[in-house]
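This report refers to the structure that appears directly beneath it.
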Number of protein chains: 4
Amino acid sequence: MPDTPAQIDASLEIVRAVYENLPFNRLLGLSVTDLQPDQAGFTFAMRNELIGNSVHGILHGGVISAVLDTTGGLTATAAAIKRRPNLSKDEIIAWIARIGTIDMRVDYLRPGRGKRFRSSGTVMRTGNKVAVTRMELRNEGNVMIAVGTGAYIVG
Amino acid sequence: MPDTPAQIDASLEIVRAVYENLPFNRLLGLSVTDLQPDQAGFTFAMRNELIGNSVHGILHGGVISAVLDTTGGLTATAAAIKRRPNLSKDEIIAWIARIGTIDMRVDYLRPGRGKRFRSSGTVMRTGNKVAVTRMELRNEGNVMIAVGTGAYIVG
Amino acid sequence: MPDTPAQIDASLEIVRAVYENLPFNRLLGLSVTDLQPDQAGFTFAMRNELIGNSVHGILHGGVISAVLDTTGGLTATAAAIKRRPNLSKDEIIAWIARIGTIDMRVDYLRPGRGKRFRSSGTVMRTGNKVAVTRMELRNEGNVMIAVGTGAYIVG
Amino acid sequence: MPDTPAQIDASLEIVRAVYENLPFNRLLGLSVTDLQPDQAGFTFAMRNELIGNSVHGILHGGVISAVLDTTGGLTATAAAIKRRPNLSKDEIIAWIARIGTIDMRVDYLRPGRGKRFRSSGTVMRTGNKVAVTRMELRNEGNVMIAVGTGAYIVG
């Protein structure tokens with residue numbers, strides 16, 4: 001069975017479903033709005049539960065780090081799935097469950113002010129064992145709120 | 001008015017109330033269980049919404065990074081308040097609102113398995129402008145799940 | 001005295017001289033080949049003393065981290081000098097001596113293979129106290145060998 | 001052939017020789033003064049070429065990051081060699097050449113002032129593929145100058 005784009009699309013749909021159904025991603029209100037082999041991202045809406053500074057009404061730093069971590073994981077997963085073209089749905093789900101963050105750095109550039117936020121991840125390196133991704137978080141005005149870098153075990 | 005321990009205790013009580021009432025910290029279920037001028041930490045219980053891996057039933061990496069970020073913030077705040085002995089309650093609340101994470105690194109050492117988790121932060125450096133803290137997350141069996149380092153603007 | 005481009009150029013020349021004359025930068029063989037208010041970088045040549053892997057003959061990881069750190073420092077200095085338009089040469093030198101790295105992350109993407117290397121730094125955030133920069137290292141074939149992020153105290 | 005302590009000692013002697021003979025480690029003047037399966041470290045002396053701040057006469061931040069990187073590498077290598085008990089000298093040398101830093105964070109806590117410096121690394125996690133280490137740098141007065149965390153590919 002060749003590694004066709006259609007097959008990658010089918011695999012990416014499984015990846016999307018897994019990530020959107022993770023309980024904590026649901027608690028944050030994350031929707032996958034970009035999912036390609038080299039980049040991926042989520043969007044989510046501001047709401048009171050995500051506030052970390054009651055005086056200024058801005059996103060909690062922990063929401064930002066959480067979204068960047070899962071964005072890096074989604075991106076690393078999407079990048080690595082190309083190398084695993086013949087997996088069944090169950091095999092993909094089992095493989096995703098073995099993917100994990102090794103480490104992550106987050107730089108908080110500006111206050112998390114906004115109504116809607118969009119994360120994006122790109123692949124900086126992907127190998128058989130480790131993928132390295134770069135992540136950004138922006139608001140609806142395209143203001144960059146935070147950036148991050150993560151290393152993920154993918155195999 | 002001298003900088004007495006009693007006064008620091010009163011200031012730390014305000015810090016505790018601010019951190020426990022942050023909406024996202026409430027969503028995570030965090031309680032301050034340690035709060036001293038040089039170290040601080042939270043505890044929280046596992047529950048389904050915090051899961052990030054449905055196959056293994058373990059904490060989402062984003063929960064871990066969020067808890068470590070807010071633990072570092074709590075620790076940096078507690079460390080810096082010693083240098084601000086004569087602030088009123090309103091001044092303390094306004095000052096905490098200006099504290100922010102510059103950056104953070106998280107190392108995910110072991111799967112986030114457990115029923116109850118405890119974070120702890122210690123101060124590695126504190127100056128007039130920037131505090132650097134080290135954070136750990138352990139489960140009820142004292143297994144170290146993750147460590148982190150954060151830099152915080154404190155003045 | 002207005003903050004003219006000519007004046008910024010004069011200040012940047014002092015910055016260049018300071019960085020090129022730092023003893024360890026001379027030991028590494030670094031030349032400033034880009035120096036603007038928003039970006040800056042060095043070049044250096046491969047030589048035997050910089051090797052960190054005798055089997056493969058590639059750059060030592062410590063050379064890479066050292067070059068990225070000083071590239072971030074150069075970039076942060078160049079960015080911050082715009083805010084200090086009326087300093088004398090001696091004041092600039094004294095101010096540079098107070099600039100310091102708070103922390104840095106380096107991601108090693110590919111082996112440090114090449115004959116000539118070029119680093120580049122860009123500013124992600126600059127404030128009165130802290131600047132955050134992103135750094136890259138590439139070889140003469142434009143292969144990206146490493147990236148980094150640094151936070152610097154600038155005031 | 002069992003995995004005896006004597007055999008580990010012999011393997012560690014090969015590790016020591018490889019690290020002390022790396023050209024850049026020689027340029028820095030590093031000597032291995034601690035080498036055990038769970039911790040390792042170097043010492044080196046201040047000299048003019050290592051200065052990064054001519055006003056204050058302190059270590060260049062790049063020296064600090066370089067020493068911490070190679071300390072983490074030495075520590076990860078020492079930790080991982082226990083799992084490879086039956087390698088010949090040539091196999092050990094070839095295996096060390098494949099070890100590489102994935103990423104590293106350095107926190108600069110205090111100015112690099114001193115006559116003699118000592119680094120130490122400890123293992124926070126070691127697996128078949130990735131080891132995570134924590135590193136410190138202190139001067140002859142035991143003042144902690146910098147700390148770091150690194151992730152290394154070890155297999």
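Okay, here's what the table says:
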{"quantity": "Shielding by partners, peptide B:22-35 (average Cβ within 10 angstrom, other chains)", "calculated": "4"}
{"quantity": "Unit charges on C-beta of K, R, D, E only; dipole of chain B, Debye", "calculated": "280 debye"}
{"quantity": "Low-density loop positions, trypsin sites (Lys or Arg not before Pro), the range C:1-79 - DSSP coil, at most 13 other Cβ in 10 Å", "calculated": "C:ARG47"}
{"quantity": "Mean separation of Cα contacts under 8 Å (6+ apart) over length of the range A:44-155, as relative contact order %", "calculated": "31 percent"}
{"quantity": "Inter-probe distance in nm under a simple model that places probes 7 Å from Cα toward Cβ, at B:ARG98 and C:SER54", "calculated": "5.6 nm"}
{"quantity": "Which of D:ILE153, A:ILE81 has the fewest Cβ neighbours within 10 Å, and the rest in rising order", "calculated": "D:ILE153, A:ILE81"}
{"quantity": "Cα-based shape type of the protein assembly as shown, given that a ≥ b ≥ c are square roots of the gyration tensor eigenvalues and the cut on a/c is 1.5", "calculated": "rounded"}
{"quantity": "Nearest-first distances (nm) between copies at A:THR33, label 7 Å from Cα via Cβ", "calculated": "3.8, 4.0, 5.6"}
{"quantity": "Radius 15 Å from Cβ of B:TYR108, net charge of other residues (Lys, Arg +1; Asp, Glu -1)", "calculated": "+4"}
{"quantity": "Inter-copy separations for C:LYS115, label at 7 Å along Cα-Cβ, nm, ascending", "calculated": "4.6, 5.8, 6.7"}
{"quantity": "Cα lying deepest toward the dipole's positive end in chain C, options C:VAL55, C:ILE145, C:ILE8, charges on Cβ", "calculated": "C:VAL55"}
{"quantity": "Out-of-range pairs (alpha-carbon distance over 22 Å; input A:LYS82/A:LYS129; A:LYS115/C:LYS129; C:LYS82/C:LYS129; A:LYS115/B:LYS129)", "calculated": "A:LYS115/C:LYS129; A:LYS115/B:LYS129"}
{"quantity": "Helix-only [θ]222 nm of the protein assembly as shown, DSSP H runs n ≥ 4, -39500 (n - 2.57) each, per residue, nearest 500", "calculated": "-11000 deg cm²/dmol"}
{"quantity": "Among B:GLY41, B:GLY62, B:GLY112, residue whose mean-square fluctuation peaks in a GNM of chain B (springs only between Cα atoms under 10 Å)", "calculated": "B:GLY62"}
{"quantity": "Average silhouette area of chain C, convex hull of alpha-carbon atoms, in square nanometres", "calculated": "8.6 nm²"}
{"quantity": "Peptide B:47-55 - average C-beta neighbours from other chains (10 Å radius)", "calculated": "6"}
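No value in this document is a laboratory result; all are computed from the given coordinates. These figures come from a predicted structure and were not determined experimentally. In this analysis, Cβ positions are derived from the backbone assuming ideal geometry, glycine residues included, and neighbour counts consider all displayed protein chains.
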